[in-house]
Amino acid sequence: MIRVAIAEEHRIPRWALEQALAREPDFKVIADAGSVDATISMLRVHKPDVLVLDTTLPDHSGFDVLSAIRNLENGPFVVVLAPFAEPGYAARVLGAGAHAYVSKSDAPEQLIAAIRAVTRGERVVPPGVDAVLGAERHPADRLTRRELQVMEMLARGMTNREIAHDLEISIKTIDTHRSHLLKKLALRNNADLARFAVKHGYVTL
């Protein structure tokens, strides 16, 4: 029996995923969560075999979950269920430690097959990703973990003050991160930053 946990922001898609996966005779959905903090807590308590992860969680980033999993003694296999079939983003997700990448536009059977595949030790890489991995690095690959966090929060419309409060750092430091982001990504303002984050799957609107 494959013990599956689900991390998905929205309740109805989360419920639908649970209902669909529970129909498989070799799957048992043991827990679900709707935020990064809840997901990390869920993993520590329930210790699933496989985590189906939506990387666009509301409080931080799905990449924070992948980072936390690397620090767990017996972390789960991770099947990322992403809103974009974007090879560059898929390459980043797989490079961060995910074992499989499935787009939300794919057939449900592909998600089910990916869950079974990762438990066999296989890696599920979508078409085009190998070419991206061998090509020039994506501009966002130059961002630090903190810069990625700030970019996602700015793209969601949070103010510097709100971000500083959530991350427990100064507003001046947030301003510095913002300046570095705009320079590294060759963008002009927060609106450009939000468009970049949405286009490449870091946030959804």
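The values are calculated or read from the model by the stated rules, or taken from the named source; none is laboratory data. Fair warning: this is a prediction, and the values are worked out from it, not measured in the lab. For neighbour counting, all protein chains shown are included, and Cβ atoms are generated from backbone atoms with ideal geometry for every residue, glycine included.
Here are the numbers for the structure shown:
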| read-out | value |
| --- | --- |
| Segment 94-114, residues that are modelled with pLDDT under 90, part of a helix (DSSP H, G or I) and either more than 16 Å from Thr56 (Cα to Cα) or among the small types (Gly, Ala, Ser) (or both) | Gly95 |
| Condition broken by Gly201, with the remaining ones in (1) part of a helix (DSSP H, G or I); (2) of a type outside the set (Ser, Thr, Tyr); (3) at pLDDT below 85 satisfied | (1) |
| Selected residue (criterion: farthest from Val125 (Cα to Cα)) from residues of segment 43-59 that are crowded, with 20+ Cβ neighbours inside 10 Å and over 8 Å from the mean Cα position of the chain (by Cα) | Leu43 |
| Every residue from segment 166-176 that is modelled with pLDDT of 90 or more and in a helix (DSSP H, G or I) | Ile171, Lys172, Thr173, Ile174, Asp175, Thr176 |
| Test result for His165, outside the structural domain of Gly62 (by TED's automatic domain parsing), over 21 Å from Thr55 (Cα atoms) and in contact with a Ser or Thr (Cβ under 9 Å, 6 or more places away or on another chain) | no |
| Subset tally (residues that are in a helix (DSSP H, G or I) and surrounded by fewer than 16 Cβ atoms within 10 Å (Cβ to Cβ)) for segment 1-36 | 8 |
| Residue in segment 73-93 that is within 25 Å of Phe196 (Cα to Cα), touching a strand residue (DSSP E or B) at 6+ places or on another chain (Cβ under 6 Å) and part of a helix (DSSP H, G or I) present | yes |
| Conditions (1) acidic (Asp, Glu); (2) farther than 18 Å from Val124 by Cβ; (3) in contact (Cβ under 8 Å) with a residue 24 or more places away in the chain: number failed by Asp26 | (2) |
| Complete set of residues in segment 85-95 that are surrounded by 20 or more Cβ atoms within 10 Å (Cβ to Cβ) and without any contact (Cβ under 8 Å) to a residue 40 or more places away in the chain | Val93, Leu94 |
